[in-house]
Amino acid sequence: MAYETLELKFAPGNRAGAGILTIALNRPDIRNAFNEKMIDELARVFRTEAVDPKVRAVVLRGNGQVFCAGGDLNWMRKSIELKFEENLQDTTTLTNMFALLNEFPKPVVGVIHGAAIGGGVGLVSICDIVFAEKSAVFSLSEVRLGVVPACIGPFVTSKIGAAHARALFVSAERFNAFKAQSVGLVHEVFASMPELEKHLETLTKNLLGCGPTAMTVAKRLVLDLTWPERRTRIGDPIDYVSRTLAELRVGPEAQEGIGAFLEKRKPGWIEGEGDK
């Protein structure tokens, strides 16, 4: 499937043919700023190519000098000409895209360089693991334009907590990668991109060694236990977590994984032999 604003690359990584799908924002001439087309294409790729069983994890990054500079100026210019109902449709589409990426059932790894501004921080916040190059800068800059980071608000706040969100939302402060790490937006900061790429290779190899169903359930577990509306749906958390593990233990993946560990061999999801 062709994309105008994204560049996709799938790299098989084990005998099973499973691998990592890299999704690169590909509007380098305008610092990977997003517009209606990029929003639509991000949603589309996470609904189609990314859900292929061969894809075990996704790496999200940007081509060119920066990761993502936020909203395209031409796209933002259109918003001031729209009526409320049209703006609501536009903002709902944007929020739904972030929600889709946030709840994507496989690991998403963010690789951040250059800058992540506004909605770019929103993309960082939906990643499960985030690596940043030390010179990267970040800003929730919306209030400088007379607006607020509303559509990305639930995802950023979930990642960094209310205390940091309140300070960064109202100040539009420009902060570095080390502060991004200290507030929980970024997990690891690297001195250079070659060093980052080396650790990314190690990480993706590790992800390919993990049970795909287990990774999906592990991600869902965190969301269910921390997001208020999901937390309400699961009922008693003690019963929920107990049932979650019990169901996995009797399932084919855990049976294969534990059996492989005891027999000192690699499990079928690595060797391409299927579940035993």
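Worth pointing out:
- Some residue of region 110-132 being acidic (Asp, Glu), in contact with a Leu (Cβ under 9 Å, 6 or more places away or on another chain) and in the same structural domain as residue 35 (by TED's automatic domain parsing): no
- The listed residue being closer than 24 Å to residue 147 by Cβ and surrounded by 14 or more Cβ atoms within 10 Å (Cβ to Cβ), out of 208, 168: 168
- Meets criteria (of a type in the set (Val, Ile, Thr), surrounded by 15 or more Cβ atoms within 10 Å (Cβ to Cβ) and free of Cβ contacts under 8 Å to residues at least 12 places away in the same chain) for residue 157: yes
- Residue-level analysis places residue 104 outside the set of residues that are modelled with pLDDT under 95, assigned by TED's automatic domain parsing to the domain that holds residue 186 and either surrounded by fewer than 23 Cβ atoms within 10 Å (Cβ to Cβ) or touching a Ser or Thr at 6+ places or on another chain (Cβ under 7 Å) (or both).
- Taking the criterion of being modelled with pLDDT under 95 and part of a loop (DSSP other than H, G, I, E, B), the residues of region 112-147 that qualify are 146, 147.
- One residue from 143, 137, 130, 148 being over 20 Å from residue 41 (Cα atoms), among the β-branched types (Val, Ile, Thr) and buried (at least 22 other Cβ atoms within 10 Å of the Cβ): 130
- Spans of helices (runs of 4 or more DSSP H) in region 216-274 with at least 2 residues under 22 Å from residue 204 (Cβ atoms) and aliphatic (A, V, I, L, M): none
The values are calculated or read from the model by the stated rules, or taken from the named source; none is laboratory data. Just so you know, these numbers come straight off a predicted model, no measurement behind them. All Cβ positions, even for glycine, are placed from backbone atoms using ideal geometry, and neighbour counts span all protein chains on display.
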